[in-house]
1. Output the residue which, of all residues in the range 350-369 that are within 21 Å of the chain's Cα centre (by Cα) and either small (Gly, Ala, Ser) or surrounded by fewer than 22 Cβ atoms within 10 Å (Cβ to Cβ) (or both), is nearest to His385 (Cα to Cα).
2. Might you let me know whether the range 322-342 holds any residue that is more than 28 Å from Ser277 (Cα to Cα), within 23 Å of the chain's Cα centre (by Cα) and buried (at least 22 other Cβ atoms within 10 Å of the Cβ)?
3. Among residues belonging to the range 407-437 that are more than 21 Å from the chain's Cα centre (by Cα) and crowded, with 21+ Cβ neighbours inside 10 Å, point out the one that is farthest from Ala348 (Cα to Cα).
4. Can you spot a residue in the range 541-562 that is in a strand (DSSP E or B), within 20 Å of Leu483 (Cβ to Cβ), modelled with pLDDT of 80 or more and not acidic (Asp, Glu)?
5. Given the conditions (1) modelled with pLDDT of 90 or more; (2) of a type in the set (Lys, Arg); (3) surrounded by fewer than 16 Cβ atoms within 10 Å (Cβ to Cβ), and given that Lys111 satisfies all but one, which numbered condition is not satisfied?
6. Looking at Leu426, Leu412, Leu393, can you tell me which residue is assigned by TED's automatic domain parsing to the domain that holds Ala487, of a type in the set (A, V, I, L, M) and not in a loop (DSSP other than H, G, I, E, B)?
7. Conditions: (1) modelled with pLDDT of 80 or more; (2) assigned to a helix (DSSP H, G or I). Val85 meets all but one. Number of the miss?
8. Quick one: how many residues across the range 310-332 are at pLDDT below 95 and in a strand (DSSP E or B)?
Amino acid sequence: MASAIESLPAEILNDVADILASDHLPSLHAFSLASRRCCSITNPHRFRKIHFSVAAEDRLQIDILHWERVLESANAFPFVRRLSVDGHLPSEEFNDPDDLLDLEVRDRPNKRRRSFSGEDEWTFKGAQYINVLQLTNNEPDPEDAKAMEAWKPLSQFLEKLSGLRDLFWLTSVQFPPCLLDVLHETLPKCRLHLKAFKLGSLRDEQSGPDDLNRHEYALATSPSLTSIMCTAQRNEGTAMRLAAGHAPNLNQVCLVYQGNQIAHGPDRFKDQPSTPSSLHSLSLYDPSPASLDAWSSHVSFSNLLALQIATVNDTTVLAKAAEYQFPSLKTLILRLRMVAYEESLQEAFRLDNDAATFLSNLPPLENLLIVSYYAKESLTAALQHHGPTLTRLGLIFINRGDPWRSQVTRELIDSIRAHCPNLQDLTLRIPRSGGNTKEVNVYRSLGKLTRLKHITLELDCTAFKFPARRTTTQDGPDPKHVLVNLAVDESLVRAILAIITDSSLSSLRSLKVYTEYGRMPLDLERFARVMKSIWEAYRVADGWFVYKRDGWKKKCHESLERKLILNKHSRYETHFRDLWPVKGRNWMEDWGSFPLEGVGDGPSG
């Protein structure tokens, strides 16, 4: 095998490594072990993604220096594909003299550093970036040369990344002119993604044409600009006009509405766009029917490949959406996250019927995600009208405490198997019930979907009905039952894998397991925050590789959680110790999952 690989040209091996790095990192690692030559070729592909969290000016310089050394030693500058940046304007205010004395401090997590895990059309961007969107952009003017000088080291680093494909700007700070110049002059194929789109001079009613900020206008109409996210308040009109063609390569827009206000803003683009609209993906969080009408007058819905609609306040928008044609649509995400209580039962039924009508009028979809409290009719329409063509399906049923709300059952999974013969990727929120037979049967049903390649399970770990407001009273769930459900560790993930992959014909390649919990008493929630994790498992040649994706975060917040729980008496500590007696010095490592009923050891790793 190794000798056959050795005979291939380096260009082909590079292409193989590039594909594996994009699709499956464990396979890239396995490929690197085939020979010394393969190891040498695959090494640069390990550094495809780089993230900077910016606050201190010297911290940014140290991080840049670190990455320059790493990439230079691996000859990996051309192989970096994605760069993401969050934080603030680099400032001396946050400088730490100790950082400059010890470069190894770069490897120590701190409160200003967090990773960017990436996104796709499935991502709930409204929640992912809401903190950035709500920040007031009171940073220095982008034409202030002195203030923008702090970004120069980053622009010089950016110039070296000749293979960069995506630049994610995850901060409310205005995108610096020096970085935009690099994109235009050196990296014309790199796509720019702005996650806090705020262009003041383009929406200010008091300004005239001569008052337009030249950099803001250049940024808004840049050929590099590929995706934007912004609030609708005073940004809606600008976003529509950019999507209509003034931003020639803008293909993704995500707009977060605040209530039902419509504020299109002044028309700062008097001329018609010189290029047709490139918009292929539109995400609207809580729009009104009038907003949907306004979007239809600016862009052609016939060109949309992906549409995402979330409802919170105005639940009539899906009835309006059903009036339009979306002939090219391949991906649909419906987030029917209305505030649902018993008194809103009829409204939930109506919203479900509107969603069913909308789904029935669409062409066959390939990807569908439904997030809802109640989805009987819409789920039926989804499986009957789109099941045969679906390759990716997600069903997230929220707050399942009320008996009338939808939930994932063995019968539902059997229905998915009957209607979706080509399904390869499935996302489900599954109610935990202490690992009893009912829960295990759901996992067994998943094992019958023999064509699945990827499964994402959001484990609902609370398993009880609880008031909408958090409380510290004695009312609520059985604490031990909640703690047992929350105890999701590697052994439990492997046990779930063992059930799903019991069939030798299983084609499963990856499993992701998230733990979710609803509202609960504050003291109990402190335990839940520590126990909540994200697990990922990938099939490798000799078994399964399972790891905790947020392990770095646990270390970062360990001291804070210890202070919250151990230094303050919790009335749930006794329940915790009844389940998991003291074993070591750190209580955070004392707990572990309980076995699933009737299940042996998990698959080997």
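The values are calculated or read from the model by the stated rules, or taken from the named source; none is laboratory data. Here the structure is a predicted model, which is why all the values come from computation and not from measurement. Cβ coordinates were reconstructed from backbone atoms using ideal geometry, including for glycine residues, and neighbour counts include every protein chain displayed.
1. Here is the first cut: in the range 350-369, the ones within 21 Å of the chain's Cα centre (by Cα) are 366-369.
When the remaining residues are screened for being either small (Gly, Ala, Ser) or surrounded by fewer than 22 Cβ atoms within 10 Å (Cβ to Cβ) (or both), the result is 366, 369.
Numbers: Glu366: 11, Leu369: 14 Å.
Per the stated criteria, the residue is Glu366.
2. Of the residues in the range 322-342, the ones more than 28 Å from Ser277 (Cα to Cα) are 336-342.
Now drop any that are not within 23 Å of the chain's Cα centre (by Cα), which leaves 336-339.
Filter once more, keeping what is buried (at least 22 other Cβ atoms within 10 Å of the Cβ): 336.
Within the range 322-342, one or more residues are more than 28 Å from Ser277 (Cα to Cα), within 23 Å of the chain's Cα centre (by Cα) and buried (at least 22 other Cβ atoms within 10 Å of the Cβ).
3. So the residue we want is Gly435.
4. The initial filter retains those residues of the range 541-562 that are in a strand (DSSP E or B), namely 543-548.
Remaining after also requiring within 20 Å of Leu483 (Cβ to Cβ): 548.
From the residues that got through so far, the ones that are modelled with pLDDT of 80 or more too are 548.
Now narrow it down to the ones that are not acidic (Asp, Glu): 548.
Within the range 541-562, one or more residues are in a strand (DSSP E or B), within 20 Å of Leu483 (Cβ to Cβ), modelled with pLDDT of 80 or more and not acidic (Asp, Glu).
5. Unmet for Lys111, out of (1) modelled with pLDDT of 90 or more; (2) of a type in the set (Lys, Arg); (3) surrounded by fewer than 16 Cβ atoms within 10 Å (Cβ to Cβ): (1).
6. On the way: Leu426 fails: assigned by TED's automatic domain parsing to the domain that holds Ala487; Leu393 fails: assigned by TED's automatic domain parsing to the domain that holds Ala487.
Within the list Leu426, Leu412, Leu393, the selection yields Leu412.
7. Only one criterion in (1) modelled with pLDDT of 80 or more; (2) assigned to a helix (DSSP H, G or I) is unmet by Val85, namely (2).
8. 2
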